[in-house]
Structure formats: structure tokens, C-alpha cells
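What follows is a set of notes on a single structure, which appears directly below.
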Amino acid sequence: MQQSSTQETLERSLRDLATGLEPGARMPTVRELVELHGVSPVTVSKAVARLVSQGVLTTRPGSGTYVAPRSAQRQAPPDTAWQTLALADRQIDLSALRTGPLAAPGSGTIRLDGGYLHRSLQPAKALAGALARASRRPDAWDRAPAAGLSSLRSYFASDTDADVSVEDVLVTSGGQSALSLVFRAIGAPGDAVLVESPTYPGALAAIAAANLRPVPVPIGPDGVDPADVQRAFEHSGARLFYCQPTFHNPTGAIVPPAQRARIVEVARAAGAFVVEDDFARHLGHGDALAPSLLAQDPYGAVVQLTSLTKPAAPSLRVGAIIARGPIAERLQAARRVDDFFVSRPLQEAAVELVSSPAWSTHLKTLPRRLEQRRTTLIDALRDQLPTWNPVTDPRGGLHLWYRLPPGITAEEVEHRAAARGVVVDGGRRYFPAEPPAAHIRLSIAGTADLPALKLAVDALAQAITAAPGADQEVNG
């Protein structure tokens, strides 16, 4: 204790001395400080090291200790209270993103949350090879075209099932960036936006950030009913509908082909755009896909979003917006205001990836692997948590959506599961308004393998059936 007090006293003395000297002035040597203050060389060394770390002093090996430049010295934090008034009520609402893929997992945690492929499901070798080849291209670090590399735009145009051209494609920094860009380009502050209920929380966050107003349209096992969409357009005056007709997140629902065509007709009659989030095109479990809304749209009403992130890896932040007509021009103009273009090395790597035989192989094997995980998780839940009710039997996507039985909330499940080392995703944040019941979303793709899925359900069942207070005993 005495030694600590002595060091603090010496630090104050040296700080005062440095304050009275010019930057670059030499400080007394260790020997001089030992003699002057009657302290040990170790105490001097610790005091000097502390002041160096704070930017008050700087050392030069073989020369001595000097007063640091004023810019390097840490100042008191500025008084930023004035910003409260300047920002007023303008804020970015991240409540919908409080958990899920942005949350950092603890050591040993089994994740049944999140929205990306586990490392074991990613085409790691193909990604590494693509990045290496892209880095060797002579123009890899040149400026990219604002709309994206022509070869990458061509891939996205051919990957969709619609008759579109390269000119209709705008490359984006992943799907979330595309969402934000579309909502800001189409909607005006205060406008209503129709959304499925439940829906993707990232879309709700982007809608809120654009100062738009979400209007929920309920969905069933077959997605939204076009009649409900029509009524919502009429009552709200909305000119924009965001939807996920293929392997909907979180429910996994698929809108039947006939309803898809009807949704496009309803939107056209309302003079509205449909934002079709086609994130799960390559996440099917083996069944053939229904035609996209874009493929059934002769009016230019559908703006389609797609991404390589979901079927590849979280950090391959490359996606695309497919749009036709004046809206395409507006989106490209907004892109130039936002960030000019997507990183060229990343685009080059994406081109290398999708052009390789390994990518085709990955897209052929991924459905089978996801189907195995879906079946494993459903069977385990049926055996150990039979009162949990699956809302749909998804044939694609990365998630299962369960309605909880009466008597337990999603927050309780989240808490109890976390105490057992399992992370799950409560359903509240997927609803733009009050949820009709408690739900849980479970990821089939966030664990290393099938045994980990079974282990997670074991722990989850134990957590749910445990007596009150048992969670603390497990963690204690």
C-alpha cells in the first residue's frame, strides 16, 4: 500500500514537471529521480511507464525520457451534452438487433441463434483460393465501377430466374446495405411500409433508420394472403411492401406460385413497389423453387435483393439489387452518395468464387447438409420438448420457428437456455407490433455438427424442465 502511494506521489510530481516544460524537453534520469525523491529505481520505472502510456512522456531507447508532444497527451473528454439538443429525437433504433448474429458468443456456447452458416458449412477452401487469386489481379486495387464489376453483375443477373440484364443489377455491400439503400431511396420520412408479421429484424431496423413506419401484414403457413396485402395498401396508403416469399425468416414459409402472381398484381394496382428479399435462393433443402416475384413482374414493380453472404460466409459482404426503370437510376445515384462503390478486391474475390467449380459443388451439397440438420433438430425437439408447436415445416432456410406453450415466455427460455450454455433467439423482436404469442427462432446452421444440435436440445430441455433456481446451481 505504501509503495503504491509513493508511486502515485511520484507520478503527480513528474506530471507537474512535464506540464511546466516544453514538448521535447528532457526529463531527469532515473538516478536523479531516485536521489531527488528517495524512491527505488523500480518505483521510478513504474511511474514513468504509466505516464508514457497516458501520453504525458515519451522514451527514446539509449537516450532518455522526454516530454511528449501535447497532441499525444490525453486530454479530459469533451463536454458533449450539447449534442442531445442538436440530435433532438433523431436516433438509430438497434433494439431489433440486440441479439442474434451481432452478439458475441461466450467460450463453449452452443449457438441456436444467428443467421449465418457455421464455419463447418462454409466453402472455406474455395473462399481462400478466390481471395488469393483476386489479390494477384493487376487491377485488383483500381477503382471499381459504381454499379459493380460487369462480370459480377452478370453473375447476379443469370443467377435469378427472371429475364433481366446486367444493366438492371447494382452490386451492394451485402443484403443489409441493400435494404437500407432501398428503403431510403423509395420511401420518404413518415411513409408507411407494409411488412410481413413476423419479419426479419434487420429490415425493421432499416425501416426505422429511414424514418419510415412499418405496417404489419399477418402471415400463415403459406406466407401472406394477397387479400390482406390489398387491404393493408388501401388502409395505410403505403407505396412499398417488403417481403420474403421464399423460405421466410423467421418462419420458413413459402408463398405459393399463384399467390405470388397475385401479390405483384395487387402492388401494381396500388401503384406500389414490392421489395422481394431473395436471400435464401441457395438455402433450399432439395425442393424446386417457385418462380420469384421478379420473374412474374411485367411492370417493374418488384425490386429484388440477393446476397452471397448467406450461402457463403458472413464476411463475404457482397450482394445485389435488381431493379428496372427509373428506380434503378435512383438507386445508383444513392449508391454514389453513400460510398461510391463496393471494395474492388472483395468484388474480384466474389467473381473468382462464383466462377470456380468449387462453388457449384458447394451449392449442390449445401441443401443436403441443411436438410440433415433440419431433420435432426426437429426430431430432437419433438422428442424432448413435445409441447413446443412448430409453426411451419420449412423446406429451406436456416431456421425453425416455434410457438411456445402457455406459461412460459420467450425471455424465460432465453435466460434459462443461456444458463445452460445455449443461445436461442426470442421471437419478440421479429414482430413490428405486439406479438400474438410467445415464439422462439432456432438456427439449424449455427453449430459445428449434428451432435452439437442434439446436445443443445438436451441442454434446452433440461433448462425448461428444471426447477426454479436450478439455473444458478448449474452455473455456480
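What the table shows:
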quantity: The chain: relative contact order in percent, alpha carbon pairs under 8 Å with at least 6 residues between; calculated: 19
quantity: Segment 138-219: trypsin sites (Lys or Arg not before Pro) falling in loop per DSSP and having at most 16 other Cβ within 10 Å; calculated: ARG143
quantity: Value of [θ]222 nm, deg cm²/dmol, for the chain, DSSP H segments ≥ 4, -39500 (n - 2.57) each, nearest 500; calculated: -13000 deg cm²/dmol
quantity: Overall dimensions of segment 183-295 as given by Cα atoms, namely Rg and Dmax in Å; calculated: 13.3, 41
quantity: Fraction of antiparallel bridges per DSSP, segment 123-357 only, in percent to nearest 5; calculated: 40
quantity: Relative packing of 22-29, 300-307, 235-242, 155-162, which averages over residues the other C-beta atoms within 10 Å, highest first; calculated: 300-307, 235-242, 155-162, 22-29
quantity: Percent RCO, i.e. relative contact order, over segment 123-357, from Cα pairs under 8 Å lying at least 6 residues apart; calculated: 30
quantity: Charge tally in the Cβ shell below 11 Å around LEU442, where Lys, Arg are +1 and Asp, Glu are -1, LEU442 excluded; calculated: +2
quantity: Local net charge near ALA313, Cβ-Cβ under 13 Å (Lys/Arg +1, Asp/Glu -1); calculated: +4
quantity: Farthest positive-ward along the chain dipole, Cα basis, beta-carbon charges - from HIS248, SER13, GLN332; calculated: SER13
quantity: Net charge of Cβ neighbours under 14 Å - reference ARG395; Lys, Arg +1; Asp, Glu -1; calculated: 0
quantity: Cross-link partners of LYS310 among aspartates and glutamates (Cα-Cα below 15 Å; sequence separation of 8 or more within a chain); calculated: ASP113, ASP159, ASP277, ASP278
quantity: Debye intensity ratio I(q)/I(0), log10, segment 2-72, q values 0.11, 0.26 Å⁻¹ (C-alpha model); calculated: -0.23, -1.28
quantity: Coil-residue chymotrypsin sites (Phe, Trp or Tyr not before Pro) of segment 313-386, DSSP, other Cβ within 10 Å capped at 16; calculated: PHE340
quantity: Degrees separating the helix 357-384 axis from the principal Cα axis of the chain, which is the longest one; calculated: 90
quantity: Taking LYS310, LYS454 and counting other C-beta atoms within 10 Å, the order from fewest to most; calculated: LYS454, LYS310
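Every number here is computed from the coordinates shown, using simple stated rules; none is lab data. Owing to the predicted nature of the structure, the values given are computational and were not obtained by experimental measurement. Here the Cβ is made from the backbone with ideal geometry for all residues, glycine too, and neighbour counts use every protein chain on show.
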